[in-house]
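Down below is the structure, laid out as structure tokens.
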Amino acid sequence: MIEGLPYLASLGVDAIWLSPFYPSPQHDSGYDVSDPRAVDPMFGTIEDFAELVDQAHERGLRVIVDIVPNHVSASHPWFLDALDAAPGSVERRRFHFLDGRGENGELPPNNWESIFGGAAWTRVKEANGTWGQWYLHLFDSTQPDLNWENDEVRADALNTLKFWLDLGVDGFRVDVALGLAKDTTYPDLIDPIGMSQSLRFDLDPGSQEAIDRRAGLANSALFDRDEVQDIYREWRKLLDSYGNDKMAVVEAWVPPERASKYVARDTLHQIFGFDFLVVPWRAPVMRTVIEHAIKAVAQVGAPPTWALSNHDSPRVVTRLGDGDSGLARARALALVAHALPGSIYVYQGEELGLSDVEIPDSARQDPVWFRSAGQQKGRDGGRVPLPWFGTEPPYGFTERFDATLWLPQPQGWGGSTIEAEDIDPFSTLNLYRTSLALRRSHPGLASGDVVFLDTDNPDVLSFQRGADVVVVANTSDRWIAAPTVGMVLLASGPIETGETGLMIGPDTTVWLQT
Ligand code: GLC
């Protein structure tokens, strides 16, 4: 990772967010943490981490680490202790251990479902070898949920935050931030599938069904409960005690009217805007999504955030189409996002225009795949190690980092390596570099406002930033005439100067200085 920093600095990002690198049996790519205040030997030592922070800071990059407060690994000492302890004990009260229903407790305590599929409860064998209580896990059975009504649990999370802050980190990404507080009367849900599937990785998150389900989550028994904000108020105080330069971004896919609660003056700083993970490449929908996203956080003065992809979603190129059209649209959507106010989160490899990889079943790792008995492929296709140089796997990865590939790379990535894209002026990498640099330097793009133009146009999204930047995205498959004339600052695809002025190619976004 330290060796990769010059590349990230050349991309022009301000900060890096690291997914979990803590000791873990890796049942969910590190989101099953057995010690939140250490580095897994597979990745290095605490000294290496401190060195990473120092070197990142020297290059002007801030460091955000992932914190996983909703659950721990089943091999975390607390959970091992809980398994050895009796029902009702202090050790068990750190988790959600309940007696089962049915004559002999053979049925789960309620009908809650795991987000990865199957029941959210697993039954344990008691010390005397008989079947005993059940514990709650909203994700895999190797990820028992912590009970946030427990003072020790709260204090321990604060210790974890302090630990990393003392090592110089600049902020945190809060995993499953909407899930920590639960209704501990554990009511059956009227629509158990509705509750958990709204977040399920196998349901098309853009479908009306998923949108309705997310709306049903607001202040529900499992998610987005109002009292979760009490936890973040405590965290905010701690972050503020380190000066006014620390931040946290929450993973909480909630309806717009709930988003502002997480980023109020006394809670945290940013909430991921997930709409661009699912938005269709269609001007009218994009306009609405952008308007809503900005409005959702504006009332509390928090910045909107934008992400085209992440480690839980298909890569944007794959999501938006096949082959060339997917890439063209992904590049165009990136220019739309990079022209918006707020913060952009770029997922590794997105800047190379990579697509999802077809992973052989024997190599799959995602618990979603295992818990659905192979019905759902899960998220491995977008988590393949990056290609650095060369024309075939491992594309320099193992050589450069003295590491093994955790998922197989495909043939055909020779033109998408960092080395190849670095020297190609038309590569997606260089498009990202230019747009991120302009985003930082151009006064028009630094302003906070977005004024939509030509708002009834079904094929063209256009908006103005500041006094003189106009962004035009042609989401149709035809050439269109630019509705405004000006100097081209940057284009994601083909443009031509015709008799009537600038012509913009299909699936192309252009930044114009008017
Ligand atoms: C979050 C992470 C995801 C992980 C899950 C359980 O959604 O982004 O990768 O599987 O939490 O920790």
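The values are calculated or read from the model by the stated rules, or taken from the named source; none is laboratory data. Only a predicted model underlies this, so the values are computations on that prediction, with no experimental measurement involved. So basically every Cβ, Gly included, is an ideal-geometry build from the backbone, and we count neighbours across all protein chains shown. Heavy atoms of the whole protein, side chains included, go into the accessibility calculation; ligands, DNA and RNA do not. Shrake-Rupley method; radii C 1.70, N 1.55, O 1.52, S 1.80 Å.
I need the full set of residues from segment 448-461 which are closer than 19 Å to Lys295 by Cβ and surrounded by 16 or more Cβ atoms within 10 Å (Cβ to Cβ), in order please. Walk me through it before giving the result.
In the first step, residues of segment 448-461 are kept if they are closer than 19 Å to Lys295 by Cβ; the result is 448-453, 455, 461.
Those that are closer than 19 Å to Lys295 by Cβ and surrounded by 16 or more Cβ atoms within 10 Å (Cβ to Cβ): Val450, Leu461.
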*Give, as residue ranges, the helices (runs of 4 or more DSSP H) completely inside segment 346-437 that count at least 1 residues that are within 16 Å of the ligand (Cβ to nearest atom) and either out of contact with any helix residue (DSSP H, G or I) (no Cβ under 9 Å at 6 or more places or on another chain) or over 27 Å from Ile64 (Cα atoms) (or both).*
367-371
*Would you be able to say whether some residue in segment 315-326 is surrounded by 22 or more Cβ atoms within 10 Å (Cβ to Cβ) and within 16 Å of the ligand (Cβ to nearest atom)?*
yes
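In segment 12-36, how many are more than 13 Å from the ligand (Cβ to nearest atom) and crowded, with 16+ Cβ neighbours inside 10 Å? Explain how you work it out, then say what you get.
First pass over segment 12-36, keeping only residues more than 13 Å from the ligand (Cβ to nearest atom): 12-16, 21, 23, 25, 34-35.
Okay, now just the ones that are also crowded, with 16+ Cβ neighbours inside 10 Å, so 12-13, 15-16, 21, 23, 34-35.
The number of residues fulfilling the criteria is 8.
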_List pairs: first residue in segment 333-347 and within 12 Å of Ala293 (Cα to Cα), second residue acidic (Asp, Glu) anywhere in the structure, Cβ distance under 8 angstrom, at least six positions apart or on different chains._
Pro341/Asp449
*Which residue out of Arg233, Arg329 is open to solvent by 10 Å² or more (accessible area, probe 1.4 Å), over 24 Å from Phe172 (Cβ atoms) and assigned to a helix (DSSP H, G or I)?*
Arg329
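Given the structure, is Val368 open to solvent by less than 20 Å² (accessible area, probe 1.4 Å) and more than 28 Å from Ser492 (Cβ to Cβ)?
Working: open to solvent by less than 20 Å² (accessible area, probe 1.4 Å): yes; more than 28 Å from Ser492 (Cβ to Cβ): yes.
So Val368 fits the description; yes.
Taking segment 266-321, which residues are assigned to a loop (DSSP other than H, G, I, E, B), over 16 Å from the mean Cα position of the chain (by Cα) and of a type outside the set (Gly, Ala, Ser)? Outline the logic, then answer.
First, pick out the residues of segment 266-321 that are assigned to a loop (DSSP other than H, G, I, E, B): 266-269, 272-274, 278-282, 299-304, 308-315, 320-321.
Filter once more, keeping what is over 16 Å from the mean Cα position of the chain (by Cα): 266-268, 280-282, 299-303, 320-321.
Hits for segment 266-321 are Asp266, Thr267, Leu268, Pro280, Trp281, Arg282, Gln299, Val300, Pro303, Leu320.
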*Could you grab me the full set of residues in segment 67-81 that are surrounded by fewer than 20 Cβ atoms within 10 Å (Cβ to Cβ) and within 16 Å of the ligand (Cβ to nearest atom)?*
Ser75
*Restricting segment 97-152 to residues that are farther than 20 Å from Val68 by Cα and of a type in the set (Ser, Thr, Tyr), which is surrounded by the fewest Cβ atoms within 10 Å (Cβ to Cβ)?*
Thr130
*Quick one: in segment 168-201, of everything that is of a type in the set (Asp, Glu) and open to solvent by 30 Å² or more (accessible area, probe 1.4 Å), which residue is modelled with the lowest pLDDT?*
Asp191
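If we keep just the residues of segment 53-66 that are more than 16 Å from the ligand (Cβ to nearest atom) and not in a helix (DSSP H, G or I), which is surrounded by the fewest Cβ atoms within 10 Å (Cβ to Cβ)? Give the steps one after another, and end with the answer.
First, pick out the residues of segment 53-66 that are more than 16 Å from the ligand (Cβ to nearest atom): 53-63.
Then keep just the ones that are not in a helix (DSSP H, G or I); that gives 59-63.
Values: Arg59: 12, Gly60: 10, Leu61: 19, Arg62: 19, Val63: 21.
Across segment 53-66, the extreme among qualifying residues is Gly60.
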